[in-house]
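To start, the structure under review is shown below, and the notes come after it.
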Amino acid sequence: MVEIRDISHSYGQTRVLDSVSLNIAPGRMLALLGPNGAGKSTLLRIVAAELKPDSGTVTFSGVDMFRLKVRGLAKRRALLPQESQLDFPFSVEEVVMLGRAPHIERSESDKDARIVNDALAMTGMSAFATREYTSLSGGERQRVQLARVLAQTWDRAGALLLLDEPVASLDPEHQHDTLNIARKWAAAGAAVVAILHDVNLALRYADDAVLLKDGRVVVDGYVREVLDAKRVSEVFNVDARCVEEGNGEPPVLVLSAKV
């Protein structure tokens, strides 16, 4: 669905991405991992067509991402950023309805309202529908923003869902809930990319993984092959030990500081 070829990008004199190439496939969830400053968020913004690279190409279903019409792209691609700045006194349901904006012709339909309600229910935020968004905690706001991008890509098949650290401000229960939802989107035909810092969450929920370091792809492929103990130890500068739980469960990496 998305092909990235030889992407490079700099901020001033600092090169943050250097000849990055990878494929993002529909029906699969891709975890993007790497140390701080590896270029993960920059890459995600480029894939979302929010930032044009200095060189290289990004195609979406065979078409140059940056030549697509904004509204047409917005119907199929949604980005959940690390932080969403919204200072207007919108209600929670109004914020989620923003995700339906590319799909609305003249006015909101009953279908749009149902999708917003369903997205709120899916993220556990139905009881907050009429609350003012700015009164919520950081984790609650993140769940509302998740509902917004779900409403935007509700058809799932052929959609591109981009999640930048979607579980960073969430408690363990809602971390798993969020990644379960991401998996459901992929299972229904969407291409899902999530920036994650927890290698064990990636091992449990992702199909594929990409390890970035210093703006370059170290390795990409099937998640359990990419995130082996030796490679994680080298990329993140930690000691890593793999524990096989068996019974079809994914392996667990036990991480500790290098002595």
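The values are calculated or read from the model by the stated rules, or taken from the named source; none is laboratory data. What you see is a predicted model, and the numbers here were worked out from it, not measured in a lab. No Cβ is skipped: glycine too gets one built from the backbone with ideal geometry, and neighbour counts run over all protein chains shown.
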Check Gly62 against each of (1) in contact with a helix residue (DSSP H, G or I) (Cβ under 8 Å, 6 or more places away or on another chain); (2) at positive phi; (3) surrounded by fewer than 20 Cβ atoms within 10 Å (Cβ to Cβ) and name the one condition it does not meet. (1)
Can you name the strands (runs of 3 or more DSSP E) wholly within region 161-230 that have at least 3 residues being of a type outside the set (Val, Ile, Thr) and over 13 Å from the mean Cα position of the chain (by Cα)? 208-213, 216-222
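For region 67-128, list the helices (runs of 4 or more DSSP H) that sit wholly inside it and hold at least 3 residues that are in contact (Cβ under 8 Å) with a residue 24 or more places away in the chain and of a type in the set (A, V, I, L, M); which are they?
In region 67-128, 92-97, 110-122 are the helices (runs of 4 or more DSSP H) which contain 3 or more residues that are in contact (Cβ under 8 Å) with a residue 24 or more places away in the chain and of a type in the set (A, V, I, L, M).
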Within region 22-64, restricting to residues that are of a type outside the set (A, V, I, L, M, F, W, C) and touching a Gly at 6+ places or on another chain (Cβ under 8 Å), the one that is nearest to Val199 (Cα to Cα) is Lys40
Take Ser41 and tell me if it is over 16 Å from the mean Cα position of the chain (by Cα) and small (Gly, Ala, Ser). no
Does any residue in region 180-206 that is on the phi > 0 side of the Ramachandran plot and at pLDDT 95 or above come within less than 8 Å, Cβ to Cβ, of a residue that is surrounded by fewer than 22 Cβ atoms within 10 Å (Cβ to Cβ) and not in a helix (DSSP H, G or I) six or more places away or on a different chain, and which pairs are these? Gly189/Pro26; Gly189/Gly27; Gly189/Arg156; Gly189/Ala157; Gly189/Gly158
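Could you check region 47-61 and list, in sequence order, the residues that are of a type outside the set (D, E, K, R) and touching a residue at least 40 places away in the same chain (Cβ under 8 Å)? Reasoning before the result, please.
Restricting attention to region 47-61, the residues satisfying the condition of being of a type outside the set (D, E, K, R) are 47-49, 51, 53, 55-61.
Result: Val47, Ala48, Leu51, Pro53, Ser55, Gly56, Thr57, Val58, Thr59, Phe60, Ser61.
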All but one of (1) outside any loop (DSSP other than H, G, I, E, B); (2) under 19 Å from Leu160 (Cα atoms); (3) over 16 Å from the mean Cα position of the chain (by Cα) hold for Leu30, so report the exception by its number. (3)
Within region 44-51, is there a residue that is touching a Pro at 6+ places or on another chain (Cβ under 8 Å) and either surrounded by 14 or more Cβ atoms within 10 Å (Cβ to Cβ) or at pLDDT 95 or above (or both)? yes
In region 160-175, how many are touching a residue at least 24 places away in the same chain (Cβ under 8 Å) and surrounded by fewer than 23 Cβ atoms within 10 Å (Cβ to Cβ)? 8
Region 25-44 residues that are within 18 Å of Leu201 (Cα to Cα), paired with ones that are small (Gly, Ala, Ser) and part of a helix (DSSP H, G or I) (beta carbon under 8 Å, 6 or more apart): Arg28/Ala186; Met29/Ala182; Met29/Ala186; Ala31/Ala202; Leu33/Ala202
Whether any residue in region 189-204 is over 23 Å from Pro251 (Cβ atoms) and crowded, with 24+ Cβ neighbours inside 10 Å is what I want to check. yes
Scanning region 137-160 residue by residue, the ones that are among the hydroxyl-bearing types (Ser, Thr, Tyr) and either over 17 Å from Leu44 (Cβ atoms) or over 14 Å from the mean Cα position of the chain (by Cα) (or both) total 1
